[in-house]
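Data first, discussion second: the structure below is written as structure tokens.
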Amino acid sequence: MGMDIAFWILAVVSVASALAVVLTRDLFRAALFLVLCFFTVAGIYATLSADFLAGAQVLIYVGAIGVFIIFAIMLTRDSRQGSPSGRLRLPALFIGFLFLATMIFALVNTDWNVVAEVPTESTTSAIAHAIFSEDGFVLAFEIAAALMLAAIIGAIVLVRDK
Amino acid sequence: MDLYLLSPEISLLATALAVILLDLFVKEKWILGWVSVTGVIVSAIFALSLWGRVETSFGGALAVDQFSIFFSLLFLGIAALILISSTEYSRKFAAFRAEYYALVLLATTGMMLLASTRELISIFVALELTGISLYVLAGFLKDAKSSEAGLKYLLLGAVASAVLLYGMALVYGLTGTTYLDEIAAAISSQGILGSPALLMGIVLLVAGFGFKIAAVPFQMWVPDVYEGAPTPVTAYLSVASKAAGFAVILRIFYEALGPASLDWGMIFAVLAAITMTIGNIVALTQKNIKRMLAYSSIAQAGYIMIGLAAFTAEASSAIMFFLACYALTNLGAFIAIIAISNKINSDEIADYSGMVRRAPLFALALALCLISLTGIPPTAGFMAKIYIFSAGVNADLLWLVIIAVINSVISAYYYLRVVRVMFLGEPLSEERVHASSGLRIALAITCLGVLLLGIYPWILMKYSEIAAITFLP
């Protein structure tokens with residue numbers, strides 16, 4: 001029961017803050033709402049017993065990415081004006097709602113696999129095993145290392161003068 | 001866990017690192033390009049040594065079979081030609097030569113992994129490895145158009161990745177696994193029509209991969225990115241990125257969603273018809289040759305999607321043969337364009353007027369490649385179209401093949417218009433166009449390939465047939 005109440009509060013706040021990110025004109029405030037949204041998503045992970053994921057969400061998204069976005073905005077001029085509204089606003093709204101309606105229809109009409117009991121043990125060691133064991137996701141982990149290398153080289157190329 | 005199965009990818013990654021490190025010590029930067037080409041050849045030798053083995057590793061996440069090796073060799077061949085033809089072009093970004101070669105190698109590594117991983121998370125990370133490298137390469141010139149190309153590609157690519165991830169998450173949520181063979185087992189036991197969310201997940205997967213192969217309605221990034229990106233990168237995007245998209249679609253849809261085949265064959269048939277028609281009609285009015293080839297590449301993706309709609313072993317063999325022929329042809333066209341526009345500094349079709357008198361060999365090569373793109377014998381493009389159309393007819397998709405034939409006739413107008421301008425127009429100046437030996441070698445290889453496959457198609461077809469039966473016996 002307590003979990004249900006917590007979930008609904010977090011869900012409403014996360015959707016409201018996500019909407020605020022899109023609708024606020026002031027970029028700085030939008031960034032703060034984004035941080036709030038990241039926080040509530042971390043809360044939802046916690047209610048789902050995904051403790052490690054919730055911690056990682058706070059550390060990486062709220063901490064690192066949130067701070068980066070705010071830094072970037074503060075180094076940019078004219079942050080108060082935000083992005084100009086385009087001519088495609090109405091079609092975009094229409095497509096967005098159409099997608100939302102389809103997704104809600106699909107999600108409601110599907111039988112989801114639901115576990116009867118809430119798992120109680122910590123997930124950290126299970127995640128470590130899944131990532132690093134021989135029949136786990138170690139290949140994806142190694143490709144991610146190459147991906148980081150490509151991203152770093154790319155960042156250097158784009159930032160440095162010709 | 002057998003690391004030797006991963007040796008082509010590891011050696012290519014090592015070459016990328018070696019190029020960056022060598023850049024710190026070497027004064028003559030032209031060496032870097034040839035080091036990269038050597039690395040590609042070494043990787044191809046490793047890949048060839050794996051031909052014939054059908055094994056999986058990393059708990060089933062990595063598959064080495066004829067299908068993955070066919071595509072690995074295709075990507076390596078494309079990368080080698082791109083690297084050779086970039087040697088002269090790369091003086092436009094002389095300070096970043098090593099980074100350019102390294103990113104091309106990293107993107108190729110990602111594509112090879114795309115063709116050989118069979119687990120959704122690995123597929124996604126490999127896709128991002130390819131994507132991130134290509135976003136940067138598209139913006140490499142750092143002028144207004146190139147930066148616009150890089151930014152557009154990045155933003156739309158990120159949206160496509162998000163859509164793809166959403167689809168993968170839904171598929172995982174309903175099947176409980178990210179391994180393609182286990183997804184296939186789960187789908188065949190529980191069926192697909194009972195769960196709209198699974199269907200929605202597959203639609204989102206089609207949308208995400210549709211972006212990579214530039215199928216309508218996910219094609220809006222193509223013309224601007226192709227026009228703004230450095231021409232070798234455009235060539236690379238138009239053939240390798242597209243082939244990688246088709247490789248991963250073939251693997252996911254044939255291996256994981258095979259039991260649900262009836263539900264998505266029709267999606268691809270309709271998308272194929274729309275894609276080729278829109279691509280060809282918009283191409284008719286283009287004045288810039290890179291933009292024209294961008295729309296032409298959209299139309300070609302439409303022809304290839306006939307094979308996806310047909311869903312037979314013959315069709316997937318036809319897709320692979322088509323991709324190889326298309327790669328040779330389109331690379332040839334772009335290499336000729338690089339050579340010509342290096343000198344005249346323009347990509348407008350009107351400026352190609354009378355080019356046959358200023359650069360007879362390049363004009364002839366470009367004409368040959370455009371004829372092959374149209375699908376006129378004796379070129380590779382003709383054989384590829386015959387093969388994929390007959391696969392479509394054999395799968396009862398006659399209506400789609402008729403649309404494709406009408407489209408081929410429309411496409412002849414804009415391909416041959418360029419040939420007419422080059423051969424019958426008056427030259428704008430008497431200055432001859434010369435090019436480096438790298439470009440000449442690359443162009444000679446592609447043109448010989450186009451003619452060879454047009455006359456003796458079975459030297460490649462027998463391998464694409466072997467590769468195709470990996471999924472469908």
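Before moving on, here are some points about what is shown:
- Which of B:L439, B:W399, A:T102, positive extreme of dipole for the protein assembly as shown (C-beta unit charges): B:L439
- Residue order, fewest to most beta carbons within 10 Å, for B:S317, B:S372, B:S341, B:S437: B:S437, B:S341, B:S317, B:S372
- Built amide H within the under 5 Å cut-off of B:L62, gap 5+: B:S57, B:R118
- Residue-span extension gain [A:S49 to A:A16] - 0.36 nm each, minus C-alpha spacing: 9.5 nm
- A Förster radius of 22 Å combined with the Cβ-Cβ distance from A:I131 to B:Y172 puts the calculated FRET efficiency at roughly 0.85.
- Residue-by-residue Karplus 3J(HN,Hα) for region B:454-468, coefficients 6.51, -1.76, 1.60, Hz, glycine and proline x: x, 9, 10, x, 6, 5, 9, 4, 5, 6, 5, 5, 5, 5, 6
- Based on C-alpha pairs under 8 angstrom that are at least 6 apart in sequence, region A:1-80 has a relative contact order of 32 percent.
- Other protein chain Cβ atoms within 10 Å, averaged over every residue that makes up B:125-138: 5
- Counting neighbouring Cβ atoms within 10 Å and putting the fewest first, the residues A:M103, B:M111, B:M383 line up as A:M103, B:M383, B:M111.
- Helix-only [θ]222 nm of the protein assembly as shown, DSSP H runs n ≥ 4, -39500 (n - 2.57) each, per residue, nearest 500: -24500 deg cm²/dmol
- Residues B:K242, B:K287, B:K152 arranged by fewest to most Cβ contacts within 10 Å: B:K287, B:K152, B:K242
- Out-of-range pairs (alpha-carbon distance over 32 Å; input B:K29/B:K385; B:K92/B:K212; B:K343/B:K385; B:K287/B:K462; B:K29/B:K145; B:K29/B:K142): B:K29/B:K385; B:K343/B:K385; B:K287/B:K462
- Within 10 Å of the Cβ of each residue in B:199-207, the mean number of Cβ atoms contributed by other protein chains is 2.
- Charge dipole magnitude, Cβ of K and R +1, D and E -1 - the protein assembly as shown, Cα centre, debye nearest 20: 2380 debye
- Volume of the convex hull of the protein assembly as shown (Cα atoms only), normalised per residue: 163 Å³.
- Compared with the dominant principal axis of the Cα atoms in chain B, helix B:180-190 is inclined by about 40°.
- For chain B, a simple Cβ point-charge model (Lys and Arg +1, Asp and Glu -1, everything else neutral) yields a dipole of about 1140 debye relative to the Cα centre.
- Normalised by the number of residues in chain B, the average gap of Cα pairs under 8 Å and 6 or more apart makes the relative contact order 15 percent.
- Relative to the globular-protein estimate of 2.2 N^0.38 Å, the Cα radius of gyration of region A:1-80 stands at 1.19.
- Distance between the modelled labels on B:S437 and B:F25, one decimal in nanometres: 2.6 nm (7 Å Cα→Cβ projection).
- Among A:G86, A:L59, A:A128 - extreme Cα towards positive end, dipole of chain A, charges at beta-carbon: A:G86
- Between helix B:120-138 and chain B: long-axis angle, C-alpha atoms, 0 to 90°, nearest 10: 10 degrees
- Pairwise FRET efficiency - A:V118 versus B:R53, Cβ, R0 = 30 Å, nearest 0.05: 0.10
- Taking amide H as placed 1.01 Å from N in the peptide plane, the amide H of B:N288 sits under 5 Å from that of B:I349, each at least 5 places away or on another chain.
- ³J(HN,Hα), Karplus 6.51/-1.76/1.60, whole Hz, each residue of region B:372-385, x for Gly, Pro: 5, 5, 5, x, 10, x, x, 10, 4, x, 5, 4, 4, 5
- Average partner coverage of B:359-370, which counts Cβ from other chains inside 10 Å: 0
- Think of the protein assembly as shown as a dipole: +1 on every Lys or Arg Cβ, -1 on every Asp or Glu Cβ, centred on the Cα centre; then among B:Y326, B:A102, B:I376, B:I376 lies furthest on the positive end.
- Convex hull volume per residue for region B:44-158, taking Cα atoms only, in Å³: 101 Å³
- Rg/Rg_globular for region B:191-243, with Rg_globular taken as 2.2 N^0.38 Å and Rg from C-alpha atoms: 1.51
- Karplus-derived HN-Hα couplings along region B:316-321 (A = 6.51, B = -1.76, C = 1.60, θ = phi - 60°), whole Hz, x at Gly and Pro: 6, 5, 5, 4, 5, 5
- Potential extension, B:L451-B:L193 segment - 0.36 nm per residue separation minus Cα distance: 88.2 nm
- Protection proxy ranking for B:15-28, B:270-283, using the average of other Cβ atoms within 10 Å per residue and placing the highest first: B:270-283, B:15-28.
- Charge dipole (debye, nearest 20) of chain A; +1 at Cβ of Lys and Arg, -1 at Cβ of Asp and Glu: 1220 debye
- Placed amide H near B:I376: partners under 5 Å, 5+ positions off or other chain: B:F382
Values in this text are rule-based calculations from the coordinates and carry no lab data. Since the structure is predicted, the reported quantities are computational estimates derived from the model, not experimental observations. Neighbour counts run over all protein chains shown; Cβ positions are idealised from the backbone, glycine included.
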